[in-house]
Amino acid sequence: MTVPDQIVVPFASAAAATGAEFVETPVAYDALVLASFGGPEGQDDVIPFLRNVTRGRGIPDERLEEVAHHYRHFGGVSPINGQNRELKAALEGELARRGIDLPVYWGNRNWGPFLDEAFTEAAADGHCTLLVLATSAYSSYSSDRQYREDIAQAITKAGLEERVTADKVRLYFDHPGFVAPFQEGVDAAVRDFLAQGIAAADIHVLFSTHSIPTADAERSGPRDVDWGPGGAYEAQHRAVAEHIIEQLAAVTGGTTVPWQLVFQSRSGPPTQPWLEPDINDVIAELPAAGAKAVVIVPLGFVSDHMEVLWDLDTEATESAAEAGLPSVRTQTPGVHPAFVSGLIDLVIERIEGTPASERPHLTALGPWNDVSRPGDCENVRLGFKPAAAGIAP
């Protein structure tokens, strides 16, 4: 990969500032920052939260209210903040179990506690060499680069440019700890349908993830690789899905179940191309394809937040019922012990400077880089903004 003559990795530790793809030098991090999306915690929070999510796009409140009803259905409370509190506690417990003295702070992109508040708190406690763990596993603008922009913006907003450094844990889409809960859920769902007398060939597995603009998908991942029309974002999901299906053969006696990568939660204007096909459209067509049951796998999601509870547990489940198909939505990683342990393994990788050749991964695409390459996950509409944990731009 060609890099600029003058390598600049904003806000990086000395080891990451070299711009090396993998940081194989130990770094004495003194705090971990859990970074997430955030969500409203009451009816009065919903519209202000959605304004934060869509800032800069000029979307009027009446259009935001079309999305707000998903949150209002659940009392205006997104489950994501509660889930992050549980994850933070689980991470702290796993660190303590391993005897690692590393405090954990938590900050969000779109709702309190905000990321700049987390950095401010960490710095006030005397912690200045920070490692950020984002609750997002895949390459795309919204799931990778925007977090890196948020880190840069939060440090600047907090006035900590000269006091802290911030690196970011690598994307973990194919780390064993992230994949294990999905594998466990798919295996169990298919095993149950087999026990009901449904043939493996009649059980269709739909791996679902958030749809994103096609232009963003095409720019996901390092730019010197031809990832195909869906960019690294789609390639990563497909690689993980293929691994899960391969392992599922142990449950089906060698029979490969029909499967497909599908998308959900599209929010852009009809004139803007987004990744397809939509999960509900695919479910409607399954009976004609001979399906007798459907397994819905929230492969793109770390926990049961709103897009899982509404788009899958409500809309997709209703679509399956309308198609006359029994359905099961499998678990997200959440605070599954394998996931929590795997996240701490990723943290230790950076603390110890583990060589890339020794880092666990389940697909040929991994292990993913520690320091993002120039131009990775560009947002074509917004252009490049300062972003931590990667070579500029």
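Laboratory data are not the source of any read-out in this text; all were calculated from the coordinates shown. None of the values given here were measured: they were computed from a predicted structure. Cβ sites come from the backbone with ideal geometry, for glycine too, and all protein chains shown count toward neighbours.
Length available on full extension from Ile198 to Glu86: 0.36 nm per residue minus the Cα-Cα distance, which gives 36.6 nm. Computed from phi, the 3J(HN,Hα) profile of the stretch 328-344 under the Karplus parametrisation 6.51, -1.76, 1.60 (θ = phi - 60°) reads 9, 9, 7, 6, 8, x, x, 10, 4, x, 5, 5, 4, 4, x, 5, 5 Hz, with x in place of Gly and Pro. With viscosity set to 1.306 mPa s at 10 °C, what whole-number translational diffusion coefficient in µm²/s follows for the stretch 167-206 from Stokes-Einstein and a Kirkwood radius over Cα pairs? For the chosen part, D equals 132 µm²/s. Once both labels are positioned 7 Å from their Cα atoms along Cα-to-Cβ, the gap between Ala249 and Thr54 label points is 4.7 nm. Rounded to the nearest whole Hz, the Karplus-based 3J(HN,Hα) values (6.51 cos²θ - 1.76 cosθ + 1.60, θ = phi - 60°) of the stretch 148-165 follow the sequence 5, 5, 4, 4, 4, 5, 5, 5, 5, 4, 7, x, 10, 4, 9, 10, 10, 10, with x at glycine and proline.
Taking a ≥ b ≥ c as the square roots of the eigenvalues of the Cα gyration tensor, the stretch 309-393 is classed as oblate, since a/c reaches at least 1.5 and a/b does not exceed b/c.
Summarising the overall dimensions of the stretch 176-329 from its C-alpha atoms, the Rg and Dmax are 15.5, 48 angstrom. For the chain, the longest principal axis of the C-alpha atoms and the axis of helix 231-252 are separated by about 50°. Packing, as the average of other Cβ atoms within 10 Å across residues, places the peptides 9-16, 96-103 in the order 9-16, 96-103, highest first. All C-alpha to C-alpha distances of the chain, sorted into 10 Å bins beginning at zero, yield P(r) values of 5, 23, 33, 26, 11, 2, 0 percent in whole numbers.
Counting only Cα atoms, the stretch 170-265 measures 46, 24, 22 Å along its principal axes, largest extent leading. Output the 0 to 90 degree angle, nearest 10, between the alpha-carbon long axis of helix 176-195 and the longest principal axis computed from the alpha carbons of the chain. On a 0 to 90 degree scale, this one is about 10.
Highest mean packing first, where packing is the average number of other Cβ atoms within 10 Å per residue, the peptides 171-181, 48-58, 76-86 line up as 171-181, 76-86, 48-58.
Averaging 1/r over each pair of different alpha-carbon atoms in the stretch 211-264 and inverting the result gives 12.5 Å, the Kirkwood hydrodynamic radius. For the chain, a Gaussian network of Cα nodes joined below 10 Å ranks Ile151, Ile59, Ile283 by mean-square fluctuation, and the top entry is Ile59.
If one computes P(r) from the Cα atoms of the stretch 240-386, what percent of pairs lie at distances over 28 Å? I get 37 percent for the Cα pairs in the stretch 240-386 exceeding 28 Å.
Given R₀ = 22 Å, FRET efficiency for His69-Arg266 by Cβ-Cβ distance, to 0.05?
Efficiency for this residue pair is about 0.85.
Relative to the longest principal axis of the Cα atoms of the chain, the long axis of helix 115-124 makes an angle of roughly 40 degrees.
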